[in-house]
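Right, one structure below, let's go through it.
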Amino acid sequence: MLLVEDDRSLRRFLEVTLQRAGYRVIGAEDGLEAMKLAFSNDINVVVTDAIMPHLSGQQLAAFMRNNPKLAKIPIILLTGQENKEAAATADGSIDACLYKPVNADELKDCIEICLSKRNDQLSN
């Protein structure tokens, strides 16, 4: 799993929470670092902040969807914005969108749902 969050304390909290839930978490502090890590690591899901320096969560998602190696990886967007629809992209590159502050159980459930959908798509 790739976790992309520019807020260091939130990123660390989510890393620990997700590691305790059994996930192998690779952390990135912005979209540009995440882009590099996505190519050099085997990841099965991306959890990304919406607004970050260098490359936003939406821009990261668009980049991933246009790359054959990364196109099928589920992407969950974390946003502090009031309107989830405004934070998500109209092109469907975001698989799920959650409000900050994110509830750990809600995030874990969302990850499981996204991974389950991806596995169903890959087996068909």
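Laboratory data are not the source of any read-out in this text; all were calculated from the coordinates shown. A quick note: this is a predicted structure, and the numbers were derived from the prediction, not measured. Positions of Cβ are generated from backbone atoms using ideal geometry, with glycine treated the same way; all protein chains shown enter the neighbour counts.
Of note:
- Loop-exposed trypsin sites (Lys or Arg not before Pro) per DSSP, neighbour cap 16 Cβ within 10 angstrom, longest uninterrupted part of the chain: 73-124
- Of 38, 63, 107, farthest towards positive along the dipole that unit charges on Lys, Arg, Asp, Glu beta carbons give the chain: 38
- Rounded to the nearest 20 debye, the dipole magnitude of the chain is 360 debye, with +1 charges on Lys and Arg beta carbons, -1 on Asp and Glu beta carbons, and the Cα centre as origin.
- Cα gyration tensor, the chain - rounded (a/c under 1.5), prolate or oblate: rounded
- Rel. contact order, % - alpha carbon contacts under 8 angstrom, at least six apart, the chain: 22 percent
- Violating pairs (Cα-Cα greater than 22 angstrom) within the set 36/100; 36/117; 72/117; 69/117: 36/100; 36/117
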